[in-house]
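So the structure is just underneath, and the comments pick up after that.
The values are calculated or read from the model by the stated rules, or taken from the named source; none is laboratory data. This structure is a prediction, so every number in the text was calculated from the model and none was measured. Methodologically, a virtual Cβ is constructed for each residue, glycine included, from the backbone with ideal geometry; neighbour enumeration extends over all protein chains shown. The protein model used for the area step is the full one, side chains on, heavy atoms only, and it has no ligands, DNA or RNA in it. Shrake-Rupley method; radii C 1.70, N 1.55, O 1.52, S 1.80 Å.
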Amino acid sequence: MEEALLVEELLHEDHGKDYTGDGSVDLKGRPVLKHQTGNWKACFFILGTECCERLAYYGIAKNLVSYLTKNLHEGNVIAARNVTTWQGTCYLTPLIGAILADSYWGKYWTIASFATVYFIGMAVLTVSASLPGKSSPSQTLAFFLGLYLIALGAGGIKPCVSSFGADQFDDTDPLERPKKGSFFNWFYFSINTGSLISGTILVYIQDNYGWGLGFGIPTLFMALAIGSFFIGSGIYRFQKPGGSPIIRICQVIVAAFRKWRVQLPDDESFLYEVPGKNSAIEGSRKLDHTNELRFLDKAAIITPSDAKSKTSDIPSPWRLCTITQVEELKLLARMFPIWATTIVFSSVYSQNSSMFLEQGMVLDRRIGSFSIPPASLSTFDVISVLIGVLVYDKILVPVARRFSNKERGFTELQRMGIGLFMSILAMVSAALVEIKRLEIARELNLTHEKVEVPMSILWQIPQYAFVGTGIVFTYIGQLEFFYDQSPDAIRSLCTAFALVTISLGSYLNSLILTLISYFSTLGGQTGWIPDNLNEGHLDWFFWLIAGVSLINFVIYICCAFRYKYKKAS
């Protein structure tokens with residue numbers, strides 16, 4: 001009898017090994033088997049979704065200024081402002097989608113719902129652009145309605161797709177865990193594949209075959225993105241939403257302040273935590289206690305009044321929080337300095353669509369009889385990302401793994417730091433090109449003429465390539481970092497915060513340009529960045545951004561050395 005029970009127990013243990021250990025469930029909420037779900041077979045559909053969605057997005061974004069000026073007859077300044085506002089909105093709405101995904105709907109249903117809104121926006125946009133004749137106010141209104149439906153739809157997709165893809169690999173499985181880093185690499189590869197197709201083929205179609213077809217093709221690809229996503233539904237792994245993270249954060253702060261006079265115990269075992277393996281937060285594993293921000297631990301102190309209520313009922317989370325709930329807030333506080341130091345990188349990235357273009361407009365764009373549009377140079381940024389991802393995943397990681405004995409070769413913080421350094425090199429390269437350009441302009445007495453300088457635009461390739469290489473390290477590393485280090489129940493929200501840095505980087509760049517424009521023109525001076533760049537000092541602007549990036553890099557290193565990685569039970 002005892003032998004039979006022992007055999008049954010062993011069979012039960014072996015059977016348990018077939019299930020994921022991270023709490024994943026299927027669409028109906030049942031535990032999932034590893035060999036039937038998730039892994040690369042599920043990610044194939046998710047990466048296909050991302051590639052098609054990004055192709056649709058960049059199919060609109062890449063040439064939007066051209067449509068606004070040529071078809072809606074907006075001025076350059078108004079068109080540029082409308083594009084910047086829309087793109088900024090696209091990187092702020094992810095906060096809405098992330099909160100809904102982590103709190104109530106889950107990533108899958110959030111993606112599905114917002115993708116539908118996205119498609120409707122694309123369809124409205126395409127119909128408004130296909131109408132014959134001169135644009136009317138109602139057509140313009142319909143166009144902007146479609147544009148901002150796309151921005152809203154992107155808000156539910158951007159923060160969820162990458163984290164939903166990473167959810168397909170079991171954190172507790174040593175064989176599956178390293179694949180997450182590789183997934184993020186291929187995720188960005190998919191993004192840039194869509195961007196490359198949009199920036200070349202779709203832009204050509206829009207300029208030569210009309211906007212109806214030029215916007216219709218991205219709409220078709222958005223439909224393909226939705227189809228690709230739903231096809232994989234049967235093999236996806238799902239994480240249950242854990243309730244509102246904002247409310248949980250407020251509960252910890254309120255509970256801690258309520259007990260601000262209570263003495264912290266020397267033994268952490270006296271702090272409150274629910275029994276068992278799982279935490280009180282749905283879909284989240286327990287977090288180990290840390291000794292940082294000890295004041296917040298007061299929220300988990302069991303007072304006599306808490307002990308009385310605990311015996312009869314579940315204690316109010318506004319008075320008593322679990323260790324995991326407290327550590328959730330501590331993790332966010334620890335990640336904040338790392339998050340803040342990536343904003344400057346996004347400011348460098350924004351030069352691709354601003355001052356790098358301005359610089360390219362006053363360089364020699366001719367190669368034989370062909371004239372290169374300055375915006376086309378950003379293709380080298382995309383190409384460097386595509387090549388960089390392959391080199392990183394297939395060469396750098398295996399080599400680094402031999403020396404570091406780390407699953408992914410580099411830690412996320414090391415990877416991000418390398419990217420920040422690359423951004424400094426990008427600005428130094430741009431400054432050196434501008435110094436040489438101004439030198440040639442002075443030699444040929446072109447300083448008072450708004451003309452191109454006989455210096456090839458191809459000299460800009462290194463600065464675009466450095467930015468692209470920086471993306472491979474910083475942006476992909478940032479995705480890894482915020483997914484791995486965030487508490488299980490708020491991974492979409494942390495991914496959204498990573499995306500917000502792109503928006504904040506653009507705003508920072510705008511602020512710096514505004515301050516430079518004001519202070520450098522005091523007393524009637526020409527200024528650093530006049531309309532005629534031949535009589536300005538754009539090189540000084542690039543040196544300033546390089547200096548800010550260097551200071552930011554030093555601060556980042558200090559924060560990275562102090563950072564303590566998450567420990568989950």
Please state which one of Val254, Val262, Val274 is surrounded by fewer than 21 Cβ atoms within 10 Å (Cβ to Cβ) and either part of a helix (DSSP H, G or I) or not hydrophobic (A, V, I, L, M, F, W, C) (or both). Val254
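Checking the conditions here, which among Phe561, Phe541 is in contact (Cβ under 8 Å) with a residue 40 or more places away in the chain and aromatic (Phe, Trp, Tyr)? Let's see the steps before the verdict.
On the way: Phe561 fails: in contact (Cβ under 8 Å) with a residue 40 or more places away in the chain.
Checking each option against the conditions leaves just Phe541.
Ser347: hydroxyl-bearing (Ser, Thr, Tyr), over 24 Å from Ile247 (Cβ atoms) and not in a loop (DSSP other than H, G, I, E, B), yes or no?
yes
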Any chance Gly283 is within 30 Å of Ile476 (Cα to Cα), in a loop (DSSP other than H, G, I, E, B) and either open to solvent by less than 40 Å² (accessible area, probe 1.4 Å) or among the charged types (D, E, K, R) (or both): yes
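Restricting the search to segment 354-371, which residues are in a loop (DSSP other than H, G, I, E, B) and either among the hydrophobic types (A, V, I, L, M, F, W, C) or within 35 Å of the chain's Cα centre (by Cα) (or both)?
Ser354, Val362, Arg365
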Using beta carbons and a limit of 9 Å, which pairs, at least six apart or on different chains, have the first residue in segment 244-270 and touching a residue at least 40 places away in the same chain (Cβ under 8 Å) and of a type in the set (A, V, I, L, M) and the second one open to solvent by 70 Å² or more (accessible area, probe 1.4 Å) and assigned to a helix (DSSP H, G or I)? Ala256/Phe295
Criterion (at pLDDT 85 or above, of a type outside the set (Ser, Thr, Tyr), more than 30 Å from Asn291 (Cα to Cα) and surrounded by 17 or more Cβ atoms within 10 Å (Cβ to Cβ)) met by exactly one of Leu544, Leu522, Leu538, Leu513: Leu538
For Val399, the lone unmet condition from (1) under 25 Å from the mean Cα position of the chain (by Cα); (2) open to solvent by 10 Å² or more (accessible area, probe 1.4 Å); (3) within 16 Å of Val472 (Cβ to Cβ) is (1)
Filtering segment 520-569 for residues that are assigned to a helix (DSSP H, G or I) and not aromatic (Phe, Trp, Tyr) leaves a count of 24
For segment 134-143, how many residues meet the condition of being surrounded by 15 or more Cβ atoms within 10 Å (Cβ to Cβ) and without any contact (Cβ under 8 Å) to a residue 40 or more places away in the chain? 2
Tell me which residues, restricted to segment 213-247, are part of a helix (DSSP H, G or I), open to solvent by less than 20 Å² (accessible area, probe 1.4 Å) and under 22 Å from Ser316 (Cβ atoms). Pro245
Expected output for segment 336-350 (first residue closer than 24 Å to Tyr565 by Cα and open to solvent by less than 10 Å² (accessible area, probe 1.4 Å), partner hydroxyl-bearing (Ser, Thr, Tyr) and not in a helix (DSSP H, G or I), Cβ below 7 Å, 6+ apart or cross-chain) is Ile338/Tyr563
Residues satisfying the stated conditions in segment 163-186, i.e. open to solvent by 10 Å² or more (accessible area, probe 1.4 Å) and in a helix (DSSP H, G or I): Lys179, Ser182, Trp186
Every listed condition ((1) surrounded by fewer than 23 Cβ atoms within 10 Å (Cβ to Cβ); (2) touching a Leu at 6+ places or on another chain (Cβ under 9 Å); (3) of a type in the set (Gly, Ala, Ser)) holds for Ser195 save (1)
Counting only helices (runs of 4 or more DSSP H) entirely within segment 379-488, those with at least 1 residues that are in contact with a Phe, Trp or Tyr (Cβ under 7 Å, 6 or more places away or on another chain) and without any contact (Cβ under 8 Å) to a residue 12 or more places away in the chain are 397-404
So Pro315, is it open to solvent by less than 40 Å² (accessible area, probe 1.4 Å) and either among the basic types (Lys, Arg) or more than 30 Å from Phe553 (Cα to Cα) (or both): yes
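How many residues does segment 421-466 hold that are of a type in the set (S, T, N, Q) and open to solvent by 20 Å² or more (accessible area, probe 1.4 Å)?
Taking segment 421-466 as the starting set, the residues that turn out to be of a type in the set (S, T, N, Q) are 423, 429, 445, 447, 456, 460, 463.
So of that shortlist, the ones also open to solvent by 20 Å² or more (accessible area, probe 1.4 Å) come out as 445, 447, 456.
Summing the residues that are of a type in the set (S, T, N, Q) and open to solvent by 20 Å² or more (accessible area, probe 1.4 Å) in segment 421-466 gives 3.
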